[in-house]
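Single-structure report; data block below.
The values are calculated or read from the model by the stated rules, or taken from the named source; none is laboratory data. On a predicted model such as this, the values are computed, not experimentally measured, just so you know. Glycine also receives a Cβ, built like all others from the backbone with ideal geometry; neighbour counts cover every protein chain displayed.
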Amino acid sequence: MQKKLLAVAAATFASSLTLAFAAHAAKPATGPTVEEAPLRGHMAFLSSDLMEGRGTGQRGGDLTVAYLEAAAMAAGLKPGNGTSYRQAVKIAGVNALPKESSIAIEIGGKPQAFAFGTDWVWAPGDAKAVHQLDAEMVFVGYGINATEEGWSDYKDLDVKGKVVVMMVNDPMPTAAEPERFGGKGLTYYGRWTYKFEEAARQGAAGVLLIHTTASASYGWSVVQNSWMAERFQLAQGELGAPMEGWMTEDVARTIFKAAGQDLDTLRAAAEKKDFKAVPLGIKVKGEMKAAVRNIEQFNVAGIVPGTDPKLKNEVVIYSAHWDHLGMQGNDADNIYNGAVDNASGTAGLLAMAQAAVRAPAKRSQMFLWVAAEEQGLLGSAAYASAPLWPTAKTAANLNLDSLNWIGAAKDIGTKGSERTDLGAMAAATAKAMGLTVSTPTPDLSGGYFRSDHFSFAKAGIPAFSIAGGRDYIKDTEAAAAKQKSYAARYHQVKDEYDPSWDLSGMVQQAQFTLNLGRMVANSPKMPAWKPGDAFGKIRAAVPAK
C-alpha cells in the first residue's frame, strides 16, 4: 500500500512540478526563487483533514512521511540516507498508570495522599514499564552543573539511588554578576529538559521539579495536560532517569515543612554558588507502572549535491518538523490540523527545495523534515545523535517553524543567529532583500532552546530558527490584531488552513532562509560560534572526519 501511495504521489508531483519549473525558468537568473503556488498547495494538503493532524504514532504521521518522500523525489532531491529518503526514529510511547501503581511520597514512614494530576505527576524517563523505588529525596537547588559559570548544585554529592528535587529556571543575575546565566534571558540550564538530562547523567533514581507559573512560564494545567496523556521519548541513546515528574508548589511546601525546612529560605540559598544540596529525610517509595509501546517514526531527508569539488563534501541543512498533534478526543472536530504549526514550515521547505535543485550551490544542501518535534524535539535529537552527514562537515542548520501567515513584512526575525557568524550573514542577507533584522529582545522564555535547531546547536553546529517579521507592510493595525489572534488557535483544532490567506510573508520568510543558506553554502569558510559560547566548545571538540 505504501509503495502504491508513493508512486501515485510521485506521479502527481512530477506533472505539477514540470509546470512550476517552466515558470521558474522564465524568470531572470538572479538566484533560485521560492514560488508561492507550491508552498500554498503543499500546506493546504498537509493541513487537510485527510492527513489527520500528522500525529506521532498515528496513521496521519505515516501518510505525511509517504507524501514528503514522494515530494522530495518529484522535486529532484537525491535520497539523504543512502538510497532512502527516510531515517528511522525509534520512539517509546509512555503512559503513566497511577491506578495500578503504589508509588507515594512518604513522610515519617506514612504515604501521603498526593493525587496524581492534581498534586504531582510522574512517568518513567527510561521507557521501562515497571520500577520499584525506595529513594531518599534531596533538594539540589536549580539542579545545574555548569563549569563555565563555576556552578555545581551536585558538588560533593552522590545522588545514585536518590530522587532529586529542584526548581526550574536558572539563577538570577546579581549586581556583581549581571550577565550570569544569560542575565535577563533564560539559558538552557533553566529548561526542564536540561534538569531531567542532568539528573540522569548524575545517576539519580528520580527527579521532581517544583512548579510555579512564574518560573515555568505556564500554569499547572499545562503540566497536567501533558503528563496525564501518552508522552513520547526516544527509545535509544541517552535515556532519562527511572522517574521523572513535577509537583505543585503547595506539595513542595508541605514536604519541606515536614522535613524541618522552609522552601523560601532554601530557594534564596540556592541563588548562591556555595549552595550545597539538602537531604530532606523523606522518601519516594513503592511500585511505579506505565504502559509502554515502541513505535518507529521517520525523518525525511533529501540532498541537492554541491558543485565545488571540495566544498560539496560539506552541507547546509534546512529543517522543519512535519508533525502536529494528530487526532485527539471524541469531539465532532478532533483533528489538530496544524496549518501554521507546522504545515507552513514543512511546505516552505518543499518550495525551497523545488527552487534549490534548479541552481545548486558550492556546498551540498540538505532538506530535512524531522519527526516528533511536538513531543520534545525527538526527530531532530535522533538526527543529531546519528547524523546522515558528518557533524564536522555540517556548516549550519537553518530551521523553519510556523511561518508568517499575516503578510509581507519589512523585517525578519533572526534571534539566536548572533551567537555565531550566521548573525552577520543574516544581516547581510536581509539588507540585500531590502529587509531589516528585527530588534533583538531578551530571551525570557528560552525560545532558543525550544525548536529543532537546538538539537543541532547541542551537537556544536551553528543553528537558529528564522522567524517571520512583525513590521507588516499592509494595514499594520489589522495585521497586528490578526497576529495576536493566533494565540487562541495555537495547538488547537482551529489551526486550519484558510485559502484567503496572503502568503507573501511565508514566501518572504522561505526566500530569506534559502538566500541565507546559499550564502553559507557558497562562503569560503563554514560559520563559527562566537568566542566563549558553550556550543562553540562542543564544536571545537568534534573530531574532523
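Pairs linking a residue in segment 449-475 that is of a type in the set (S, T, N, Q) to a residue that is crowded, with 21+ Cβ neighbours inside 10 Å and not in a strand (DSSP E or B), with Cβ atoms under 6 Å and 6 or more positions apart or on different chains, are Ser451/Asp401; Ser455/Leu377; Ser455/Ser380; Ser455/Ala381; Ser455/Ala384; Ser465/Asp401; Ser465/Ser451; Ser465/His453. Taken together, the residues in segment 356-390 that are of a type in the set (S, T, N, Q) and outside any strand (DSSP E or B) amount to 3. Out of Glu198, Glu244, Glu238, one residue alone is in a helix (DSSP H, G or I) and touching a residue at least 40 places away in the same chain (Cβ under 8 Å). It is Glu198. Being in contact with a Gly (Cβ under 8 Å, 6 or more places away or on another chain) and buried (at least 19 other Cβ atoms within 10 Å of the Cβ) is the requirement here; does Phe535 meet it? So Phe535 passes the test. Taking the criterion of being closer than 17 Å to Trp369 by Cα and under 23 Å from the mean Cα position of the chain (by Cα), the residues of segment 45-57 that qualify are Leu46, Ser47, Met51, Gly53, Arg54, Gly55, Thr56, Gly57. With the condition kept exactly as written, say whether any residue in segment 118-136 is under 30 Å from Ala355 (Cα atoms), surrounded by 15 or more Cβ atoms within 10 Å (Cβ to Cβ) and touching a His at 6+ places or on another chain (Cβ under 9 Å). There is no residue in segment 118-136 that is under 30 Å from Ala355 (Cα atoms), surrounded by 15 or more Cβ atoms within 10 Å (Cβ to Cβ) and touching a His at 6+ places or on another chain (Cβ under 9 Å). Residues in segment 145-160 that are touching a strand residue (DSSP E or B) at 6+ places or on another chain (Cβ under 6 Å) and within 16 Å of Leu208 (Cα to Cα): Tyr154, Val159.
Residues that are within 19 Å of Ala96 (Cα to Cα), among the hydrophobic types (A, V, I, L, M, F, W, C) and buried (at least 23 other Cβ atoms within 10 Å of the Cβ) are absent from segment 167-185 altogether. Out of curiosity, is Val316 assigned to a strand (DSSP E or B) and either in contact (Cβ under 8 Å) with a residue 12 or more places away in the chain or more than 30 Å from Phe45 (Cβ to Cβ) (or both)? When the stated conditions are applied, Val316 passes them.
Within segment 45-83, restricting attention to residues that are charged (D, E, K, R) and under 25 Å from Ala235 (Cα atoms), the residue that is surrounded by the fewest Cβ atoms within 10 Å (Cβ to Cβ) is Arg59. Every condition in (1) modelled with pLDDT of 95 or more; (2) assigned by TED's automatic domain parsing to the domain that holds Gly260; (3) of a type outside the set (A, V, I, L, M, F, W, C) is met by Gly76 except one, and the failing one is (2). Considered as a group, the residues in segment 424-433 that are touching a residue at least 12 places away in the same chain (Cβ under 8 Å) and in a helix (DSSP H, G or I) include one that is nearest to the chain's Cα centre (by Cα), and that residue is Ala426. Applying the condition of being in a loop (DSSP other than H, G, I, E, B) and in contact with a Gly (Cβ under 8 Å, 6 or more places away or on another chain) to segment 520-532 and asking which residue is nearest to Glu179 (Cα to Cα) yields Lys530.
Here is a yes/no grid of residues against (1) over 25 Å from Gly416 (Cβ atoms); (2) of a type in the set (A, V, I, L, M, F, W, C); (3) touching a residue at least 40 places away in the same chain (Cβ under 8 Å); (4) in contact with a strand residue (DSSP E or B) (Cβ under 8 Å, 6 or more places away or on another chain):
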site: Pro305; (1), (2), (3), (4): yes, no, yes, yes
site: Val357; (1), (2), (3), (4): yes, yes, yes, yes
site: Ser364; (1), (2), (3), (4): no, no, yes, yes
site: Glu373; (1), (2), (3), (4): no, no, yes, yes
site: Asn397; (1), (2), (3), (4): no, no, yes, yes
